[in-house]
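Input: a single structure, listed below in structure tokens.
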Amino acid sequence: MRLLHLTDTHLGARFSGRPTTGVAAPPRGWSRAQDHQDALDRALALADELDVDAVVHSGDVFDRSKPPWRWLKAAAESLARAARERPVVVLSGNHDRLGLTRTLPLHVPDLHIVDRPTNLTLRLRSGEVRLACVPYRRNVPGFRHGLEQALGPGADLMVCHQAFDGVVVPGLTFRVGAQRDTVGAGDFDGLPRPDAILCGHIHPRQVVPCGGVPVVHPGCLLHTAMRDRAFPEGVAVWELEARVRWRFVDLPGRPLVEVRSVEDLVAVTDGAMVAVRDVGAELLPSLLDAIAERGGFVVGQPRSTGTRVSSVASARDQQLSMFAL
Ligand SMILES: [Mn+2]
């Protein structure tokens, strides 16, 4: 039995910062939200190619709880089409704050939209799989309550959108007790153990143990911020045989490049989205020309030397980076 696991598609997301204008402006009509929709379609095409038995999305389907109509419609069409081929499970994340049943009022037989803790049995071609699904919970008691409902009856796998003790984003390791929504092995006491946890929320790809159970984060399907550009974008493919295994598959999106000097231009390839940082004002016009010549375009206001970086700004950046998860 084979599953495709994707997460944090953030459909409808625009990139922070207004696109620049003039030379090195984005192509006419370009929108980062189209990139997010394309990434979803790439992942669903891989599900077809690998002929998986089911698709599981572990949350943050949309970037905002009320997504723009255009992107809502595109997502609904893609998910409904995928669910005609195989069961598709979508779980709400912290960004899907109002719940997905309101956002995606789709009545497609094999599209399982999960807004509440649910013990879900998927009947697949090659057998059954029991999923304990716990959408994002704002605090630990809420998560524990969700676990009792979803995992209490027993499950093969768990699906959730939560920060687990020990997960890492740049500059921060999540710890139980340090954030009110971070959970740990103790929260599973007295409950059946799933073989593995398919997790969303944390954008850098990683695996952490939780009481001996692997918590697998394929990472966001497409970057929502420049600072994440070093992390791979993609999905996990699960094989459920005598033992449960997964592998990560990269599905790289548009290249993201930060340009601070002439040396960085080499990384600007056709279609690259570029942030210009801390460049001297006298150098800026020629850099913008060079970026445009290489087929790249700039998002955000180019920052010249000395215009911004301060300890206050970096503290705020860090807060923003946490908010963006
Ligand atoms: Mn997210």
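The values are calculated or read from the model by the stated rules, or taken from the named source; none is laboratory data. All values reported here derive from a predicted model rather than from experimental measurement. Cβ atoms come from the backbone with ideal geometry, glycine included; neighbour counts cover every protein chain shown.
Which ones in segment 2-36 are more than 16 Å from the ligand (Cβ to nearest atom) and at pLDDT 95 or above?
Those that are more than 16 Å from the ligand (Cβ to nearest atom) and at pLDDT 95 or above: Arg2, Leu3, Leu4, Gln34.
Against the conditions (1) loosely packed, with under 15 Cβ neighbours inside 10 Å; (2) under 16 Å from Gly200 (Cα atoms), where does Ser126 fall short? Just the number, please.
Among (1) loosely packed, with under 15 Cβ neighbours inside 10 Å; (2) under 16 Å from Gly200 (Cα atoms), Ser126 violates only (2).
Would you check which residues across segment 43-101 are of a type in the set (Lys, Arg) and closer than 15 Å to Leu120 by Cβ and list them?
The one that is of a type in the set (Lys, Arg) and closer than 15 Å to Leu120 by Cβ: Arg86.
Pairs, please: C-beta under 7 Å, at least 6 apart or cross-chain, first residue under 20 Å from Glu148 (Cα atoms) and in segment 94-121, second of a type in the set (Lys, Arg)?
These pairs meet every condition: Asn119/Arg130; Thr121/Arg130.
For Leu240, all conditions in the list (1) away from the ligand (no atom under 16 Å from the Cβ); (2) more than 21 Å from Leu44 (Cα to Cα) hold save one; what is the number of the exception?
That leaves (2) as the condition not met.
Out of segment 217-230, which residues are assigned to a helix (DSSP H, G or I) and touching a strand residue (DSSP E or B) at 6+ places or on another chain (Cβ under 6 Å)?
Within segment 217-230, just Met226 meets the criteria.
Could you say which residue among Pro153, Pro204, Pro192, Pro214 is within 15 Å of the ligand (Cβ to nearest atom), outside any helix (DSSP H, G or I), in the same structural domain as Val61 (by TED's automatic domain parsing) and on the phi < 0 side of the Ramachandran plot?
Pro204
Within segment 239-252, identify whether any single residue is surrounded by fewer than 23 Cβ atoms within 10 Å (Cβ to Cβ), touching a Phe, Trp or Tyr at 6+ places or on another chain (Cβ under 6 Å) and in the same structural domain as His145 (by TED's automatic domain parsing), and answer yes or no.
Yes, segment 239-252 contains at least one residue that is surrounded by fewer than 23 Cβ atoms within 10 Å (Cβ to Cβ), touching a Phe, Trp or Tyr at 6+ places or on another chain (Cβ under 6 Å) and in the same structural domain as His145 (by TED's automatic domain parsing).
Could you identify the single residue in Leu172, Leu222 that is within 15 Å of the chain's Cα centre (by Cα) and within 16 Å of the ligand (Cβ to nearest atom)?
Answer to the check: Leu222.
Criterion first (modelled with pLDDT of 80 or more and assigned to a strand (DSSP E or B)) does Glu263 satisfy it?
no
Would you confirm whether any residue within segment 271-285 is surrounded by fewer than 17 Cβ atoms within 10 Å (Cβ to Cβ) and either closer than 18 Å to Gln37 by Cα or under 25 Å from the mean Cα position of the chain (by Cα) (or both)?
Yes, there is a match, as at least one residue in segment 271-285 is surrounded by fewer than 17 Cβ atoms within 10 Å (Cβ to Cβ) and either closer than 18 Å to Gln37 by Cα or under 25 Å from the mean Cα position of the chain (by Cα) (or both).
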